[in-house]
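Undergrad: Before I ask anything, let me first share the structure, which is written out below as structure tokens.
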Amino acid sequence: MQFSKVIGQQHLKESMIEAINNGRISHAQLFLGTEGNGALPLALAYVQYLFCKNRTATDSCGTCPQCQRITKLNQPDVHFVYPLALSKDVEKSTDIFPKWREAFLKNPYFSLTDWMNFLEAENKQPVIGVGESKDILHQLSMTSHEGSYKVMIMWMAEKMNLVAANKILKILEEPPDKTIFILITESTQLPVTILSRTQLVKVPRISEKDIAEALVSERGISKEQALSIASVADGNYRLAQILITENEDAQYFSEKFQEWMRICLKPDGEKLTNWVNDIATIGREKQKQLIAYSIQTIRQSLMLGNLAIHIPAGELEFLQKFSPYVPFESCALISEELNKAYHAVERNAHSKILFTSVSLKINSMLARPVVVKA
């Protein structure tokens, strides 16, 4: 993975390159950022630049044997740890590494939900367990295959249980020579003992401009469509990928959103129950896409008339009718509730209870235009 393949994050790329070239390489780093910000591909680009034999001032060469191995996730001194659906046959990451390689090469911006779906274990809790910590100690105690660095990349480190975390404290603080830990996390909900032993690297959300440019170049969509998707993706490239759907899906989300908002405006128990029951059958990924579409529409309804936003002509008529019901002070609150719902779906929330609760909350936030009698 070259830096040029990582979307945006130019400031961080330059900082990482400068640190390596100046010999300022921290042995334990914590990459902190939200889903879809590219922390994992960024970490791999950093490691590839470190190992590259012909690196330039701006990137790894991408062609030397080291770059080729890392790009294909075949470098024996670069190890990966990730959450698992633990079982008697799966206790550590090396047990299913071929699956991890396949998932990463398919899409480096995949989410935890994508990973668990890939493992066909979406109803199990993802965990980095004690068996993992024992394997980490074993692998890092061995001599480097090529006499260079040994790197341990731990993705979604917040899924590490307390017993596993305690077992790696010593090696995290005093690792063998030329050993580097990179912990990637979306949350600071890690033991203080882990946080205190790592150098924090904040990975920001990807800019709308960079997401739009990536969608145009990688997906071949129009600039207008890319800008519209980037505006709602909110720095999450994985969400931007999800939002690229076929026309029939877009039409489905439009119809379901309009039906939802009508029910929220004028609650009807039977209609709400029927709508929720219907949404409960479409699966988590489509539920997330519907919520993402809803966030986008809520925001755009507030920004009508702003020439900087890009709204497909087919949606404009509905937005013009809907916008009076979304007061400025409620827009952020509704978006916040929808964002919470999005992440709740990822965490296997009960969909019927979730969408019923969110509907009632939205009802309390929508305005009722005053009807002036003649």
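The values are calculated or read from the model by the stated rules, or taken from the named source; none is laboratory data. All values reported here derive from a predicted model rather than from experimental measurement. A quick note on method: Cβ atoms are made from the backbone with ideal geometry, for glycine too, and the neighbour counts reach across all protein chains shown. Protein only, heavy atoms only, side chains kept; ligands, DNA and RNA dropped before computing areas. Shrake-Rupley method; radii C 1.70, N 1.55, O 1.52, S 1.80 Å.
Undergrad: How high is the relative contact order of the chain, given as a whole-number percent (alpha carbon pairs under 8 Å, six or more residues apart)? Display every interim value, and only then the final one.
TA: Working: 508 pairs, mean separation 64.6, N = 374.
This gives 17 percent for the chain.
Undergrad: Still on this structure, please answer the following. Specify the inter-centroid distance of segment 252-268 and segment 67-106, based on alpha-carbon positions, in whole Å.
TA: 43 Å
Undergrad: Taking the simple approach of a point 7 Å from Cα along Cα-to-Cβ for both residue 364 and residue 328, what is their distance in nm?
TA: 2.4 nm
Undergrad: To continue, here is another question. Modelling each spin label as a point 7 Å along the Cα-to-Cβ direction, I'd like the residue 57/residue 284 distance in nm, to one decimal.
TA: 4.7 nm
Undergrad: What relative contact order, as a whole-number percentage, does segment 97-177 give when Cα pairs under 8 Å and 6 or more residues apart are counted?
TA: 34 percent
Undergrad: Another question, then. In degrees between 0 and 90, to the nearest 10, how far off the longest principal axis of the chain does helix 208-219 point, with axes built from Cα atoms?
TA: Once rounded, the angle reads 80 degrees.
Undergrad: Quick query: amide H of residue 9 versus all other amide H atoms, modeled in the peptide plane; which residues come in under 5 Å with a sequence gap of 5 or more or a different chain?
TA: For residue 9, whose amide H was placed from the backbone, the distant partners under 5 Å are 207.
Undergrad: Between residue 189 and residue 95, what is the label-to-label distance in nm when each label sits 7 Å out along the Cα-to-Cβ direction?
TA: Simple spin-label model gives 2.4 nm for this pair.
Undergrad: Among the trypsin sites (Lys or Arg not before Pro) within segment 59-106, which fall in a DSSP loop and have no more than 12 other Cβ atoms within 10 Å of their own Cβ?
TA: 72, 88
Undergrad: Just the accessible area for residue 331, please: 1.4 Å probe, Å², rounded to the nearest 10?
TA: The accessible area comes out at roughly 10 Å².
Undergrad: Any chance you could give the angle, 0 to 90 degrees and rounded to 10, that helix 247-265 forms with the longest Cα principal axis of the chain?
TA: Once rounded, the angle reads 60 degrees.
Undergrad: Given a Förster distance of 41 angstrom, what is the FRET efficiency for residue 321 paired with residue 117, based on the Cβ-Cβ distance and rounded to 0.05?
TA: Working: r = 37 Å, r/R0 = 0.90.
Efficiency for this residue pair is about 0.65.
Undergrad: Expressed in nm to one decimal, what extension gain is obtained for the pair residue 106 and residue 11 from 0.36 nm per residue of sequence separation less their Cα-Cα distance? If you can, show how the numbers build up before the last one.
TA: Values: separation 95, 0.36 × 95 = 34.20 nm, distance 2.63 nm.
Gain on extension, residue 106 to residue 11, equals 31.6 nm.
Undergrad: Sort segment 152-295 into rounded, prolate or oblate with this rule: let a ≥ b ≥ c be the square roots of the eigenvalues of the Cα gyration tensor; rounded if a/c is under 1.5, and if a/c is not under 1.5, prolate when a/b is larger than b/c, oblate otherwise.
TA: Because a/c hits 1.5 or more and a/b fails to exceed b/c, segment 152-295 counts as oblate.
Undergrad: Another question, then. What accessible surface, in Å², does a 1.4 Å probe find on residue 203, ignoring ligands, DNA and RNA and rounding to the nearest 10?
TA: 10 Å²
Undergrad: Right, next: Calculate how steeply helix 284-302 sits against the longest principal axis of the alpha-carbon atoms of the chain, using the helix alpha-carbon long axis, and give the answer as 0 to 90 degrees to the nearest 10.
TA: Taking Cα atoms only, the helix is inclined about 60 degrees.
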